[in-house]
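> This is the structure, below, for whatever I ask next.
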Amino acid sequence: VNLDTGNGRKPGFPDKPWSEVVIDDLSATPDIRPELIPDAAEAKRLVDRGSRPAVLIFGPDFSARMTRCSFLSK
């Protein structure tokens, strides 16, 4: 579930929300098939039914929080 607003970008870093960077990286990983689920309620239903082993929910401030991470300092 991607609720990320993409706020908090810095020059020199990807020109897209950090949630999309993570999704792209997961897509490039063998045996991982990311799927966008429209909302957290649907994600919970899928996990509760055993239809999906796990879900990631990117909150609205995910990019802003990633931008503040010390490992992203140049």
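> Suppose the chain between Ala54 and Ala28 were pulled fully straight at 0.36 nm per residue; how much longer would it get relative to their current alpha carbon spacing?
Full-extension gain reported as 7.6 nm.
> Send over a whole-number figure in Å² for the accessible area per residue of the chain, probe 1.4 Å.
72 Å²
> Quick one: compute the contact order of the chain, relative version, from alpha carbon pairs under 8 angstrom and 6+ residues apart, as a percent.
Worked out over the chain, it gives 50 percent.
> I would also like to ask the following. Might you work out the accessible area of Ile57 for me, using a 1.4 Å probe with all protein chains in place, and round it to the nearest 10 Å²?
90 Å²
> Next question. Mind listing the Cα extents of the chain along all three principal axes, in Å, largest one first?
Between the extreme Cα coordinates on each principal axis of the chain lie 43, 27, 19 Å.
> List the residues, sorted by chain then number, that are 5 or more residues from Ile37 or on another chain and whose placed amide H is less than 5 Å from its amide H.
Asn2
> Using only Cα atoms, tell me the angle between helix 18-27 and the longest principal axis of the chain; keep it within 0 to 90° and round to the nearest 10.
Tilt of helix 18-27: around 50 degrees.
> Further question: Counting only protein heavy atoms, what percent of the accessible surface of the chain is carbon or sulfur at a 1.4 Å probe?
Roughly 55 percent, rounded to a whole number.
The values are calculated or read from the model by the stated rules, or taken from the named source; none is laboratory data. Because the structure is a prediction, the values reported are computed rather than measured. Just so you know, the surface numbers come from the protein's heavy atoms only, side chains and all, with ligands and any DNA or RNA stripped out. Shrake-Rupley method; radii C 1.70, N 1.55, O 1.52, S 1.80 Å.
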